[in-house]
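Trainee: Got a structure for you, written out below as structure tokens; questions coming shortly.
The values are calculated or read from the model by the stated rules, or taken from the named source; none is laboratory data. Please read all numbers here as calculations on a predicted model, not as lab measurements. Note that we place each Cβ from the backbone using ideal geometry, even for glycine, and neighbour counts take in every protein chain shown.
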Amino acid sequence: MTGRRFTGDTLVIASHNKGKVREIALLLSAYVAHFPSAGDLGLPEPEETEASFIGNAALKARAAASGAKLPALADDSGLVVPALGGAPGIYSARWAGPNKDFSLAIDRVQQELGKGDRAAHFICALALAWPDGYAETVEGRVDGRLVFPGRGERGFGYDPIFIPNGHDITFAEMDPNDKHRMSHRADAFAQLVQRCFG
Ligand code: IMP
């Protein structure tokens, strides 16, 4: 499906996280020359008040596009466990607490799940917004199941407890290049490139 195309040579990355900005810039470097971040431009970080990944990505992208008067890209991602009613979902980062301690978040998932169904998926929503308020959005997904205790040291966040379907090792045990080929983020970027870039 084709949406509004990105033209121009500058895309604001609506994030204050340097690692995320670098990763996104790398993924889109074939299509865009300059990637100032919301942090570089001194734009405030809006509160994520929406109830969905797409809603929060669009809110962040629109705020940055209107502040910078340039197109802006934002993401929002997390782990969804249907047996927990979709939790931690959009609260995935917040379950790790102020110290971003994901062993806490993983313990909480295990406790709340008990003997419940281990099916889970990661979601990555991307929103590309323009200063006129228009936004294109996509949602990438990877399905799998949870394993406790966590295994592997190579990933971040909930990677140690997530085994993607068709595999028997967790995202944290996998070669990062293999994870990046099959992840929710890869799916979302492939959709966005097809719709708005290239
Ligand atoms: P965001 O950066 O505000 O979108 O928060 C996303 C949160 O979801 C992260 O802090 C992680 O906890 C979780 N998350 C998103 N993607 C992944 C992944 O690929 N592996 C593990 N955890 C992830």
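Trainee: From the residues in the range 1-57 that are acidic (Asp, Glu) and part of a loop (DSSP other than H, G, I, E, B), which one is nearest to Leu192 (Cα to Cα)? Explain how you work it out, then say what you get.
Mentor: Here is the first cut: in the range 1-57, the residues acidic (Asp, Glu) are 9, 23, 40, 45, 47-48, 50.
Still in the running and part of a loop (DSSP other than H, G, I, E, B): 9, 40, 45, 47-48, 50.
Values: Asp9: 17, Asp40: 24, Glu45: 23, Glu47: 24, Glu48: 22, Glu50: 21 Å.
Among those residues, the one meeting the criterion is Asp9.
Trainee: Among (1) assigned to a strand (DSSP E or B); (2) under 16 Å from the mean Cα position of the chain (by Cα); (3) closer than 17 Å to Ser92 by Cβ; (4) more than 10 Å from the ligand (Cβ to nearest atom), there is one condition Thr137 misses while meeting the rest; what is its number?
Mentor: Of everything listed in (1) assigned to a strand (DSSP E or B); (2) under 16 Å from the mean Cα position of the chain (by Cα); (3) closer than 17 Å to Ser92 by Cβ; (4) more than 10 Å from the ligand (Cβ to nearest atom), Thr137 misses just condition (3).
Trainee: Can you go through Gly157, Gly166, Gly150 and tell me which one is at pLDDT 95 or above, at positive phi, within 12 Å of the ligand (Cβ to nearest atom) and not in a strand (DSSP E or B)?
Mentor: Working: Gly166 fails: within 12 Å of the ligand (Cβ to nearest atom); Gly150 fails: at positive phi.
Answer to the check: Gly157.
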